[in-house]
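J.: Quick one: the structure is below, and I'll ask about it shortly.
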Ligand code: KG4
Ligand code: ZN
């Protein structure tokens with residue numbers, strides 16, 4: 001509920017609200033509207049109130065990310081300038097273990113978070129007292145990892161008397177692009193990472209329509225598992241890369257048409273994804289090849305590059321098919337303006353140039369502009385959290401002075417779920433030819 005300034009009805013937390021308000025006015029405000037609302041993503045969080053600050057002067061948000069295996073922190077301003085950032089990746093440790101072990105991830109976050117935050121603040125050349133609020137990922141993610149960032153962020157808020165902005169990790173991936181280029185709401189977003197595969201229309205900072213999601217593996221997860229099974233880390237040039245990055249590099253040396261993968265979910269006229277079938281087919285092929293060539297231990301099958309290229313093509317085609325149906329659905333329901341249509345792709349797998357190229361073909365046919373953040377902003381980082389905090393700060397949504405009741409959520413939906421409606425539309429697509437595309 002938005003209430004005009006002169007008609008403010010303050011029901012709860014009157015004292016806290018007024019204190020913050022006075023501070024806001026002193027520091028930067030031209031106008032301040034208090035919202036009395038407790039709902040954020042459909043969940044009631046205690047008695048907090050929201051503040052909307054529309055300002056022509058500079059605002060600063062500090063963001064903290066610890067949802068998975070990256071400890072990140074950044075400070076951004078309202079023009080999208082990154083004042084300072086720092087990141088500690090746990091990738092090397094988890095590659096050694098063959099996957100993320102949550103207690104190990106938690107300990108590493110604990111060990112590094114203080115230094116990462118201090119480094120980001122030092123790089124920004126500011127004092128924490130100068131930031132307007134502290135944004136922190138609280139969902140979705142590994143519970144043990146999320147807790148570290150949330151507790152640290154809340155502690156900072158208490159120490160510096162700042163409001164807390166809880167962040168949805170996938171929403172942050174979705175909006176990162178707006179820090180770099182002009183992408184107006186509404187737009188279509190494909191979020192592809194190690195834990196998620198989501199297709200959504202973004203209507204506003206806090207308004208998402210979920211068109212499709214993965215029924216099993218996320219693309220990054222499927223890439224990581226196939227690469228691990230292929231034992232590609234035993235080749236020095238791939239040993240320090242994430243599974244997805246290694247797969248993309250290996251695929252450059254292979255023939256994408258060497259190995260045939262079946263089309264996926266052709267009988268379902270929806271926008272959901274399924275990658276477990278493709279992953280299992282790749283696994284079976286690896287086992288067969290190992291038996292055929294009597295490969296044991298650390299040995300690698302001879303057709304490894306062809307398999308990577310063919311698997312990458314199969315995953316790309318599947319992603320493109322679901323995106324194409326989403327575009328047809330959007331047209332049917334008139335969900336995007338006809339003169340400005342963007343497909344934003346984000347999350348770690350969006351670093352993949354091959355997938356981006358395939359999607360650009362779909363975009364070209366449907367009159368969409370493809371927008372992908374640079375790789376270091378596609379993978380997990382503190383900047384995207386700080387920027388999502390800034391988007392919320394500017395829109396006056398989800399800013400908490402009283403944040404005691406806010407907790408982490410390991411699983412969490414992305415906005416309003418309209419997947420059933422997409423399925424009911426039962427759109428038969430006129431498929432764009434993709435398999436014979438040459439990617440240079
Ligand atoms: O977004 P992100 O950093 O963390 C999650 O929230 O999951 O994504 C990590 C995922 C990993 O699975 C990694 O293998 C994948 O992104 N990835 C890639 C590439 N670079 C990273 N996948 C495909 N191609 C790449 N170049
Ligand atoms: Zn992520």
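Every number here is computed from the coordinates shown, using simple stated rules; none is lab data. As the structure is a prediction and not an experimental result, all values here were calculated from the model. All Cβ positions, even for glycine, are placed from backbone atoms using ideal geometry, and neighbour counts span all protein chains on display.
J.: Please figure out what share of the DSSP beta bridges in the chain is antiparallel and state it in percent, rounded to the nearest 5.
T.: 65 percent
J.: If you build a Gaussian network model of the chain, linking Cα atoms that sit under 10 Å apart, which residue out of 93, 137, 266 swings the most?
T.: Greatest mean-square fluctuation among the candidates belongs to 266.
J.: While we're here: Subtract the Cα-Cα distance of residue 228 and residue 126 from 0.36 nm times their separation in residues, and report this length gain in nm to one decimal.
T.: Computed gain between residue 228 and residue 126 is 32.5 nm.
J.: Compute the distance in nm between two label points, each set 7 Å from the Cα along the Cα-to-Cβ direction, one at residue 293 and one at residue 376.
T.: My value for the distance between the label points is 3.7 nm.
J.: Compute the length gained on full extension between residue 426 and residue 92: take 0.36 nm times their separation in residues and subtract their Cα-Cα distance, giving the result in nm to one decimal.
T.: Residue separation times 0.36 nm, minus the Cα-Cα distance, leaves 115.8 nm.
J.: Say R0 is 35 Å: what FRET efficiency, to the nearest 0.05, do residue 407 and residue 181 get from their beta-carbon distance?
T.: Working from the Cβ atoms, E equals 0.55.
J.: Nearest 500 deg cm²/dmol is fine: what mean residue ellipticity at 222 nm does the chain get from its DSSP H runs of n ≥ 4 alone, each adding -39,500 (n - 2.57), divided by its residue count?
T.: -13000 deg cm²/dmol
J.: Follow-up. For a Förster distance of 35 Å, can you work out the FRET efficiency between the beta-carbons of residue 419 and residue 161, rounded to the nearest 0.05?
T.: Approximately 0.25, to the nearest 0.05.
J.: Please sort 159-166, 281-288, 367-374 by packing, taking for each peptide the average over its residues of neighbouring beta carbons within 10 angstrom, highest first.
T.: The packing order, highest mean first, is 159-166, 367-374, 281-288.
J.: So, one more: With an 8 Å Cα cut-off and a minimum separation of 6 or more residues, compute the relative contact order for the chain in percent.
T.: 23 percent
J.: Expressed as a whole percent, how much of the Cα-Cα distance distribution for region 369-438 exceeds 21 Å?
T.: Here the long-distance tail beyond 21 Å is 61 percent of all Cα pairs in region 369-438.
J.: Cα centroid distance between region 239-296 and region 376-429, in Å?
T.: Cα centroid of region 239-296 versus Cα centroid of region 376-429: 30 Å apart.
J.: Compute the length gained on full extension between residue 280 and residue 151: take 0.36 nm times their separation in residues and subtract their Cα-Cα distance, giving the result in nm to one decimal.
T.: Stretched fully, the residue 280-residue 151 segment lengthens by 42.5 nm.
J.: Quick one: compute a quarter of the convex hull surface over the Cα atoms of region 309-382 and quote it in nm².
T.: About 5.4 nm², averaged over all directions.
J.: Which of the three applies to region 195-237, rounded, prolate or oblate, going by the alpha-carbon gyration tensor with a ≥ b ≥ c and a/c under 1.5 meaning rounded?
T.: prolate
J.: I'd like the distance separating the alpha-carbon centroids of region 57-76 and region 91-165, in whole Å.
T.: Taking the Cα centre of each part, region 57-76 and region 91-165 sit 8 Å apart.
J.: Kirkwood Rh, region 84-170, all Cα pairs: how many Å?
T.: That comes to 13.9 Å for region 84-170.
J.: How many percent of Cα pairs in the chain exceed 28 Å?
T.: Percent of Cα pairs beyond 28 Å in the chain: 51.
J.: Quick one, what does Rg over Rh come out to for region 258-367 if you take C-alpha atoms and the Kirkwood Rh?
T.: Reported Rg/Rh (Cα atoms, Kirkwood Rh): 1.08.
J.: Among 80, 348, 153, which one shows the highest mean-square fluctuation when the chain is modelled as a Gaussian network with alpha-carbon springs under 10 Å?
T.: Fluctuation is largest for 80.
J.: Pick out which of 344, 383, 205 has the largest mean-square fluctuation in a Gaussian network model of the chain, springs linking Cα atoms closer than 10 Å.
T.: Sorting by GNM fluctuation, first place goes to 205.
J.: Rounded to the nearest 0.05, what FRET efficiency do residue 237 and residue 268 have when you use their Cβ-Cβ distance and R0 = 35 Å?
T.: The computed FRET efficiency comes out at 0.35.
J.: Sorted by mean Cβ packing within 10 Å, highest first, what order do the peptides 233-244, 316-327, 167-178 take?
T.: 167-178, 316-327, 233-244
J.: Here's something else I'd like to know. Taking just the C-alpha trace of region 323-440, give me its Rg and Dmax in Å.
T.: 17.9, 56
J.: Sorted by packing (mean other beta-carbon atoms within 10 Å per residue), highest first, where do 122-128, 59-65 land?
T.: In decreasing order of mean packing, 122-128, 59-65 become 59-65, 122-128.
J.: Can you give me the angle between helix 14-27 and the longest principal axis of the chain, using Cα atoms only, in degrees from 0 to 90, rounded to the nearest 10?
T.: 80 degrees
J.: Remind me, relative contact order of region 156-278 in percent, using alpha carbon pairs under 8 angstrom and six or more residues apart?
T.: 20 percent
J.: Treat the count of other C-beta atoms within 10 Å as a stand-in for reagent exposure and order 412, 378, 157, 429 from fewest to most.
T.: Lowest count first: 429, 412, 157, 378.
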